[in-house]
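Let me begin by presenting the structure, written as structure tokens, before commenting on it.
The values are calculated or read from the model by the stated rules, or taken from the named source; none is laboratory data. As the structure is a computational prediction, the values presented were derived from the model and not from experiment. Ideal geometry is used to build each Cβ from the backbone, glycine not excepted, and the neighbour counts take in all protein chains shown. Quick note on the areas: whole protein, heavy atoms, side chains included, nothing else; ligands and nucleic acids left out. Shrake-Rupley method; radii C 1.70, N 1.55, O 1.52, S 1.80 Å.
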Amino acid sequence: MDDQQVLLGISRSDMLARIERCGRDPAMLDLGSNMLLHFAYEYLPDPPVSPTAPLSLAGASWVPDGVDRISRLPDELLRDIISRLPAKDAARTAALASRWRPLWRSAPLALVDSHLLPDGGASGPLIIGAPSPRAVTGAVSSALAAHPGPFSCVHLTCSTMDEHRGEIARWVDTLVAKGVQDLVFVNRPWPIDLRLPATLFSCASLTRLYLGVWTLPGTAAVPRGASFPNLRELGLCMTVMEDRALAFLLERSPVLEFLLIMWSQTGARLRLVSHSLRCLQLGYTHLKDIEVVDAPRLERLFLRNVSLPGTGKFTINSPSRIKIGGAPNLRVLGYIQPGQTELGISNTVIVAGSKENIVPSVQILAIDVQFGIRNAVKKVPGFLRCFPKLETLHVYSPPIPEKSTGKVNLKFWEEGGPMKCMVQSMKKVFFYEFQGSRSEVAFLKFIAERGRVLELMVVVVAKACFSSVDDDVNVKLKPLTGAKWSSKACKLQIIESPRTDVAGPLCRHNIVSDFGWADPFDLRYYYKA
């Protein structure tokens with residue numbers, strides 16, 4: 001049985017009993033639960049309203065006659081003003097003047113349950129072990145019942161849903177009836193596998209949906225004809241789901257553009273068939289298979305710590321299996337781990353009489369390479385040959401283990417066979433957390449001596465390298481700086497890493513899904529962190 005599945009179907013009291021029988025501190029349960037919730041909250045979108053938003057009166061024009069000119073604005077504009085306020089403040093506008101009362105009743109409201117906490121949510125996400133937010137749960141029920149108009153945005157993250165199953169079912173029915181568009185719905189453990197009310201699948205108005213710490217209902221329980229015709233963004237955080245449930249979500253979301261799956265609790269198969277999806281993110285996820293079958297609009301595929309079936313582990317170097325088929329517009333891919341990630345490509349072409357499996361559309365690739373492990377480095381040439389039109393390569397070099405399993409030199413790369421992208425298309429190379437090993441230097445030197453169109457190489461040196469000896473970095477990089485560069489116009493930049501606690505490649509999910517960033521692995525973001 002996988003480690004994740006040990007927790008499924010277990011109550012809090014049973015889990016505490018298990019911990020005590022093992023002679024461990026029961027407080028570990030809350031500590032572990034909070035750690036899981038921390039990951040989930042990290043991936044949730046921010047509410048569009050805030051009770052602590054600053055209000056500026058600077059430059060306001062005051063009229064001494066005391067005339068209420070705001071109330072003279074058109075109804076549509078006043079409703080828009082109300083909808084931009086937290087639900088509690090929006091309700092208070094009814095007391096301003098008789099003109100505002102009917103407007104509040106029909107304005108689409110934004111309800112965020114953390115704003116109903118005594119501190120208005122200022123202390124951050126509610127943690128396990130904090131005082132029970134039963135009053136908040138009641139306030140949510142009252143707010144949903146009191147407002148006769150629609151709710152445009154609802155974020156519910158503070159309730160232990162198992163304690164309020166009847167209320168939760170009524171919440172979902174109300175939200176479906178009131179046409180909610182933006183919904184964040186997170187269960188607070190325990191249990192961690194509470195079944196999501198199936199009526200939510202009838203909410204055709206949704207444009208964005210994030211679910212956390214739920215079990216997705218089986219397709220047999222979903223109302224007939226249910227679909228998400230307007231859903232463009234879907235996030236599944238710490239969910240239990242069957243293969244069919246995941247496939248059903250994709251089938252019934254015809255305009256879905258952004259899909260995030262973070263820390264799935266069970267190993268489902270992701271068989272991606274979507275004619276609308278543009279960005280897929282998988283983080284700390286236990287999936288049996290990842291297969292991109294038919295995704296003609298997919299542009300970005302981001303993976304972080306995706307585990308192989310049977311291991312039940314989420315480590316920085318988790319193995320995974322990925323098969324890329326119908327993705328003709330896939331432009332950004334990473335982080336891939338040669339030596340850990342099994343990459344399958346179904347697009348076969350004939351080059352010089354031999355077959356090659358390639359993804360010609362990929363222009364930006366990020367890889368995580370253990371340069372102290374020979375078997376991992378040996379996989380790199382094969383990976384790079386799969387992307388003949390690669391323009392930008394990002395390489396993260398994790399700390400080299402004490403028991404290194406062999407180094408590679410320049411001769412290894414020279415005998416590794418031709419890599420078309422390195423010679424013909426690669427323009428930028430970013431190397432992060434350079435440790436100073438000979439294997440790293442050999443790799444960079446090989447690129448420098450083969451990259452005909454190379455324009456920029458940036459080497460971000462690990463802080464530990466700079467803290468040893470003043471001239472140590474220059475000595476280690478001398479084979480690179482003294483190499484015969486194929487591209488005379490290429491610029492070499494050597495900079496110190498801003499990171500002190502390195503725990504993996506640096507990239508945030510909100511940057512990956514932001515198409516305003518042409519390169520989500522860009523060095524600018526690395527420095528911002």
* Quick one: in the range 421-439, of everything that is out of contact with any Asp or Glu (no Cβ under 9 Å at 6 or more places or on another chain) and of a type outside the set (S, T, Y), which residue is nearest to F387 (Cα to Cα)? => M422
* Within the range 192-211, count every residue that is open to solvent by less than 30 Å² (accessible area, probe 1.4 Å) and more than 15 Å from V172 (Cβ to Cβ). => 1
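Have a look at V408, V377 and point out the one that is touching a residue at least 60 places away in the same chain (Cβ under 8 Å) and more than 20 Å from F521 (Cβ to Cβ).
V377
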* **Unique residue being within 21 Å of P45 (Cα to Cα), part of a helix (DSSP H, G or I), aliphatic (A, V, I, L, M) and out of contact with any Ser or Thr (no Cβ under 9 Å at 6 or more places or on another chain) when the list is L200, L250, L183** => L200
* Could we say that S227 is touching a Ser or Thr at 6+ places or on another chain (Cβ under 8 Å), over 22 Å from P45 (Cβ atoms) and assigned to a loop (DSSP other than H, G, I, E, B) here? -> yes
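In the range 97-113, is there at least one residue being under 28 Å from Y43 (Cα atoms), of a type outside the set (A, V, I, L, M) and modelled with pLDDT of 80 or more?
yes
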* To do: Quick one: which residue in A87, A91 is of a type outside the set (V, I, T) and touching a strand residue (DSSP E or B) at 6+ places or on another chain (Cβ under 7 Å)?
  => A87
* To do: Can you tell me which residue within the range 142-191, out of those that are surrounded by 17 or more Cβ atoms within 10 Å (Cβ to Cβ) and small (G, A, S), is nearest to L216 (Cα to Cα)?
  => S159
* Residue ranges of helices (runs of 4 or more DSSP H) in the range 344-441 with at least 2 members surrounded by fewer than 17 Cβ atoms within 10 Å (Cβ to Cβ) and at pLDDT 80 or above -> 374-378, 410-414, 420-424
* Residue that is part of a loop (DSSP other than H, G, I, E, B) and at pLDDT below 80, where the choices are V63, V6 -> V63
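For the range 477-517, give me the residue count where each residue is farther than 27 Å from P45 by Cα, β-branched (V, I, T) and open to solvent by less than 60 Å² (accessible area, probe 1.4 Å).
Total meeting the criteria: 1.
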* Asked: Got at least one residue in the range 226-233 being in contact (Cβ under 8 Å) with a residue 60 or more places away in the chain, open to solvent by 10 Å² or more (accessible area, probe 1.4 Å), polar (S, T, N, Q) and closer than 27 Å to L287 by Cα?
  -> no
* Asked: Is at least one residue of the range 91-102 part of a loop (DSSP other than H, G, I, E, B), within 22 Å of V154 (Cβ to Cβ) and either touching a Leu at 6+ places or on another chain (Cβ under 6 Å) or open to solvent by 50 Å² or more (accessible area, probe 1.4 Å) (or both)?
  -> no
* To do: Would you mind stating whether V359 is farther than 24 Å from A295 by Cα and of a type in the set (V, I, T)?
  => no
* **Listing of strands (runs of 3 or more DSSP E) fully contained in the range 283-333 that carry 3 or more residues being of a type in the set (D, E, K, R) and at pLDDT 65 or above** => 287-294
